[in-house]
Amino acid sequence: MTQIPRVPPPVIAPGHTFGSVTDKISAIVLTRKTSLGWWLGFGIAFALFNVLMVSIVYLLAVGTGIWGINIPVGWGFAIINFVWWIGIGHAGTLISAILLLFKQTWRTSINRFAEAMTLFAVASAAIFPILHTGRPWLAIYWLFPYPNTMDVWPQFRSPLIWDVFAVSTYATVSLLFWFVGLIPDLATLRDRSESKVGRVIYGALAMGWRGSAIHWHRYETAYLLLAGLATPLVVSVHTIVSFDFAVSVVPGWHATIFPPYFVAGAIYSGFAMVLTLAIPIRKIYGLQDFITERHLNNMAKILLVTGLIVAYGYMIEAFMAWYSANTYETYMMRNRMTGPYGGFYWALIVCNGLTPQLLWIKKIRTNTLLLFLISLIVNVGMWLERFVIVVTSLHRDFLPSSWGRYAPTVWDWGLYVGTIGLFLSLLFLFLRFLPMISIFEMRTLVPDNAPDARLKSSPTGVAQSPTAIAPETAR
Amino acid sequence: MKPSGRPTVYGLMAEFETAHALVEAARRAHDEGYRKMDAYSPVPIEELHDALHMHDNRLPKLVLAGGIIGGLGGYSLQYYVAAIAYPLNVGGRPLHSWPMFIPVTFETTILVAALTTVLGMLALNGLPQPFHPVFNVPRFALASRNRFFLCIESRDPKFNVDDTRRFLESLGAREVTVVED
């Protein structure tokens with residue numbers, strides 16, 4: 001048996017000071033030359049983004065008939081991709097809010113870009129249901145309650161309307177959380193920017209932040225309150241997404257396991273996406289000092305835990321199909337495993353059920369290449385999960401006379417690939433123009449290098465003893 | 001600047017190299033009787049507002065009020081829509097079907113509370129603020145990097161440029177600068 005180390009490895013490499021942390025992170029935005037790799041990556045992402053534009057324009061011109069959806073499978077890619085993207089977003093809020101409340105200081109170096117990932121994922125997700133309405137320009141009065149001249153109101157007893165409120169609240173609160181976290185860093189960029197344009201833009205966004213003691217006091221309170229509000233929110237969002245399915249009577253959807261199983265799946269896919277992004281970013285930008293092996297190891301552990309919950313969900317689905325003795329449920333499960341889409345089901349079991357079991361091994365958790373590959377496999381697996389849930393339940397429900405098949409068209413794929421382009425384009429712009437790691441929160445980690453000081457941190461990682469803050473050498 | 005063209009003094013700013021020095025200085029300045037002052041740091045420091053005897057617990061109360069308004073507002077909206085403005089008789093089921101209104105009520109509670117948190121924090125802090133005299137000190141740019149500043153303002157009754165400067169220097173300040181208004 002290997003010995004368990006008492007003190008976990010540091011969350012920031014030793015030797016850093018307030019100044020070095022500030023300089024290193026802000027230099028990526030302010031002084032570093034925009035690399036060829038960035039232009040290449042952004043170029044590819046932007047090309048994919050244009051695929052999205054074309055797909056949307058053609059869809060609006062012709063209608064949803066260009067998609068593979070039809071009766072009985074009326075949901076198809078639109079809902080599969082919506083649920084997939086929304087799920088990915090959940091890791092950002094989990095990292096920024098829940099890990100903050102649990103005083104996990106290691107979250108500090110990954111929360112900023114995880115939150116950005118949330119925003120971009122929610123933006124990508126929101127496109128699908130809006131376009132799926134068929135006539136999005138009318139969707140305003142279908143989705144939002146406002147006094148219109150037709151005297152028509154939305155149906156508040158429908159989970160689809162709950163979803164509108166859940167997702168729009170989630171997008172708003174994620175944006176607020178992200179922006180509030182950015183304010184002190186925007187002030188740093190304002191003060192350090194060499195160009196006038198930079199000073200004006202960052203200055204306007206920083207809103208005159210000057211780091212006053214009473215401002216920090218209120219800021220900390222606000223940040224904690226936001227974390228407290230975002231925590232139940234993030235759980236509610238995927239719960240309500242699962243209600244879209246569970247409140248119906250379709251076999252395979254009408255299950256009480258759905259809310260917790262969906263929330264765990266969301267966190268699972270989100271952490272996979274954080275790893276997919278973090279591993280190349282830390283390598284390319286040389287951020288191994290800040291996103292250390294401990295971060296990757298911890299995220300891999302969360303991946304393993306949520307993966308086990310998801311695997312439990314799959315088992316309970318199969319068990320309930322048998323235990324309920326309901327003809328339709330039993331048939332649905334058999335059809336899912338051995339029907340026309342059986343290959344997708346077994347692929348999902350391999351991706352989501354078996355692959356994460358490799359993470360029990362510490363050597364794999366700390367091997368960045370393997371971890372990266374596993375995170376990609378999990379991303380694929382979670383997409384397959386949504387495909388299986390949406391398609392296998394709908395294509396053969398109660399009456400064999402109304403059974404059918406579903407296959408996506410090139411426009412389904414175009415829209416899906418296009419949202420990946422949107423997501424990556426926004427991410428590349430974010431990496432270039434905003435600090436991808438929270439500078440002020442990283443400063444608070446500097447004293448935490450001393451093992452004894454780690455426990456003294458307040459919720460946002462603030463050192464409670466000023467003596468714990470390392471004195472700096474004079475400039 | 002006053003119309004006469006002569007800059008007026010906003011206060012005196014002392015620069016410190018460590019958070020510890022700043023907290024100590026703030027404490028001693030308060031003991032000395034200075035009240036109109038503020039400290040500036042690149043990181044939140046738990047003891048600093050204590051040392052300055054600055055407290056403000058209004059934000060959580062505002063957020064609570066925001067949450068209650070959001071919850072009541074969300075529920076009332078749904079009641080109005082489902083029972084008054086657009087009643088739909090579905091198999092004789094009650095119009096006021098409250099269990100179905102809970103998810104949206106929850107979301108509006110969070111939404112209004114979160115908006116109150118952020119807007120309340122900004123409003124109480126007086127942000128956005130396009131200009132503040134402390135930015136007239138060139139070295140103040142380091143307040144967002146690695147330096148710690150204490151500014152005693154001229155509106156403090158005990159303020160006197162020479163005495164206050166001597167006092168700040170006695171606290172071990174690296175540099176004391178006049179902040180022009």
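Remarks
- Global form of the stretch A:1-115, assessed from the alpha-carbon gyration tensor, a/c cut-off 1.5: oblate
- Burial of 10 Å² or greater, the stretch A:420-444 residues [accessible area, probe 1.4 Å, versus chain by itself]: A:F440, A:R443, A:T444
- Surface per residue (accessible, 1.4 Å probe) for chain B, Å²: 48 Å²
- Accessible-area ranking of B:E107, B:E46, largest first, probe 1.4 Å: B:E46, B:E107
- Short-range pairs are left out: with C-alpha atoms under 8 Å and at least six residues apart, the relative contact order of chain A is 32 percent.
- For chain B, a Gaussian network of Cα nodes joined below 10 Å ranks B:V81, B:V134, B:V112 by mean-square fluctuation, and the top entry is B:V81.
- With a Förster radius of 41 Å applied to the beta-carbon distance between A:K196 and B:D163, the computed FRET efficiency rounds to 0.55.
- A Cα-only calculation for the stretch A:320-424 places Rg and Dmax at 17.2, 53 Å.
- Where A meets B: accessible area buried, both sides, 1.4 Å probe, Å²: 5900 Å²
- Shape of chain A, Cα gyration tensor, a/c cut at 1.5: prolate
- The listed residues A:Y141, A:Y170, A:Y202, once ranked by accessible area (1.4 Å probe) with the largest placed first, stand as A:Y141, A:Y202, A:Y170.
- Once both labels are positioned 7 Å from their Cα atoms along Cα-to-Cβ, the gap between A:S20 and A:R432 label points is 3.0 nm.
- Accessible area (Å², 1.4 Å probe, nearest 10) - B:C151: 0 Å²
- Largest mean-square fluctuation among B:G73, B:G92, B:G33, in a Gaussian network model of chain B whose springs join Cα atoms under 10 Å apart, belongs to B:G92.
- Over 29 Å between alpha carbons, listed pairs A:K196/B:K36; A:K283/A:K363; A:K33/A:K362; B:K36/B:K61; A:K103/B:K61: A:K196/B:K36; A:K33/A:K362
- Largest first, the residues A:V152, B:V118 sort by 1.4 Å accessible area into A:V152, B:V118.
- Over the protein assembly as shown: helical MRE at 222 nm, DSSP H runs n ≥ 4 each giving -39500 (n - 2.57), nearest 500: -20000 deg cm²/dmol
- For the stretch A:122-278, radius of gyration divided by Kirkwood radius, i.e. Rg to Rh on alpha-carbons: 1.07
- Most fluctuating residue given options B:Y86, B:Y75, B:Y40, as computed from a GNM of chain B linking Cα atoms under 10 Å: B:Y86
- Directionally averaged shadow of the stretch B:12-151, computed from the convex hull of its alpha-carbon atoms, nm²: 11.9 nm²
- Anisotropy class of the stretch A:66-168 from Cα gyration tensor, a/c 1.5 cut: prolate
- A:T338-A:Q155 FRET efficiency (beta carbon distance; Förster radius 45 Å; 0.05 resolution): 0.75
The values are calculated or read from the model by the stated rules, or taken from the named source; none is laboratory data. Just so it is clear, the model here is predicted, and its values are computed rather than measured. Positions of Cβ are backbone-derived with ideal geometry, glycine not excepted, and every protein chain shown enters the neighbour counts. When the accessible area is computed, the model is the full protein with side chains, heavy atoms only, and any ligands, DNA or RNA have been set aside. Shrake-Rupley method; radii C 1.70, N 1.55, O 1.52, S 1.80 Å.
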